[in-house]
Each structure stands twice: as C-alpha cells, then as structure tokens.
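Below is one structure, written out as structure tokens; comments come after it.
Every number here is computed from the coordinates shown, using simple stated rules; none is lab data. None of these values were measured; they are calculated from a predicted model. Positions of Cβ are generated from backbone atoms using ideal geometry, with glycine treated the same way; all protein chains shown enter the neighbour counts.
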Amino acid sequence: MVLAGRLNHAMYVLPQLRCHLRSVYQWQKEWVNTSATRPAPQEMQEDLQQWTDTLWEYEAHLLIPDPDPTNVGWVGDASTSYGVGVLIGKRWGRFRLTKTPPQSHTGNVVAWLETIAVRLGLFMLLQLGASPGKTFIFRTENTTTFSAILCRKSKDAGVNTEWKIIQRLLLNAEIDLYALRVTSAENRADGLSQGKGESHLRKNRLVIEIPEDLADFIAQT
C-alpha cells in the first residue's frame, strides 16, 4: 500500500506512467495475507523498473497544460479483416495483417489493434515533425482506445501493454495526446483499415519503419 501510494503521488508529475500502476494494484489486490511474503510478478518488476528508469532520467519542467490541443487531422482505425489505417491531414498509411497477431491474453483484439493504430500514427506524426510541448488531437471510434488516452491506462491487459510503449514514445518526444470521438461513418481512416486506398493520392502516402515487435504480423502497403 505504501508503494502504491508513493507512486500515486509521483504520478502527479508523470501522469504518463499511470499505465505502469495496474500490475502494482493487481498484486496488492491478490495479496490477502499481508503477513506472508510473496514474490513480485514479472510484469510488476518490469513496471517498477520503468518507474525507476524514468524518475532517474526525468528533468524538472514547469508544468503548463496546453490550453489548445493541435488539430492535424489525425484519425486511426483498425479491423481484423485487413489491418490498420491512419490519416494525418492528407498523409496516409495503410498496414495489412500478414498473419494472426500473437495474443497471450483474452482481451479485446479489435481494441488492441486500434491501440496499435495509435502507435503507428505516432511514428507518422514524429516523422512529419511534431513540436515538443504540444498536445495533438487523435480521433477514434473505439471506446477502449478513447478511454485509454483519457485515463492513460486500460483494464484490458493487451491494450495496457501497448499503451506503455506509446507513453514511453510520448515522454521521449515531449508531446501528449488528446482524444476525440468520431462515428464510424465519419472516420476517414475506415476505408484504409479495410484495405481500400483509391481515394488517397499515392504521393501523400507516408512510409514508416515498422517497429520490430510488430513486423512479424504487420506490413505497410
């Protein structure tokens, strides 16, 4: 309880690490007999190491919330029938599932893919040149993804694991995300996630390097 409480206080300075608290609370919840010792699970050890590394590397900043999130026309979508689609203004990226992605959890696969759409879109945004200190609007139709951006964590294990990677990228780039909901009919990335791309100019296609952990089952098309 002491550990969780102290990390909660640290979270006021580093809210991006909220997703690294899930394992701590889960461990605490399962620890019924507090007089008996028990080992920390592997996931919790990794989360605590992330806290340690970040706090050691952290440089003090004056916290000034961005009053006006930047709208760059960023929207993402995903489907299990094809893959992932991302649009940032006129620039677009389409990513096909080359095989069934590895899943070690029983969570929502679509929500997990939608969160991967956020990470791929983030790589596109950084390649276009995202200015440090800015908060960028990301539009999604997926409730789990919207909630993860809003709360900086997810109850879905797979989504939360992916969100840890995204938060690390955001910390390193010194930027943040602001989520807005979009309906399926209004989602401009819907066609791309279905494998369609006829309405987008080829010259506006933005090629990125697929992260190593995704390269086994996702390819850019």
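Scanning residues 5 or more positions from Phe138 or on other chains, those with amide H under 5 Å from its amide H are Tyr178, Ala179, Leu180, with H placed 1.01 Å from N in the peptide plane. Remark: for residue pairs Lys99/Lys196; Lys90/Lys153; Lys134/Lys203; Lys134/Lys196, the C-alpha separation exceeds 21 Å in Lys90/Lys153; Lys134/Lys203; Lys134/Lys196. Can you pull a Stokes-Einstein diffusion coefficient for the range 70-220 at 20 °C (1.002 mPa s), Rh from Kirkwood over Cα pairs, as a whole number of µm²/s? The estimated diffusion coefficient comes to 141 µm²/s.
Couplings 3J(HN,Hα) of the range 49-55, computed from phi: 5, 5, 4, 4, 4, 5, 5 Hz, in residue order, whole Hz [Karplus 6.51 cos²θ - 1.76 cosθ + 1.60, θ = phi - 60°; x for Gly and Pro]. Loop-located trypsin sites (Lys or Arg not before Pro) in the range 101-160 (DSSP state other than H, G, I, E, B) with a sparse environment of at most 12 neighbouring Cβ atoms within 10 Å: Lys155.
Using 0.36 nm per residue of separation minus the Cα-Cα distance, give me the extension gain between Val109 and Gln194 in nm, one decimal. Net length gain for the segment: 29.0 nm. Given their separation in residues at 0.36 nm each and the Cα-Cα distance between them, Thr37 and Thr143 gain 34.3 nm when the chain is fully extended. Once backbone amide H atoms are built at 1.01 Å from N, Ile218 has Thr98 as its partners under 5 Å, excluding neighbours fewer than 5 places away on the same chain.
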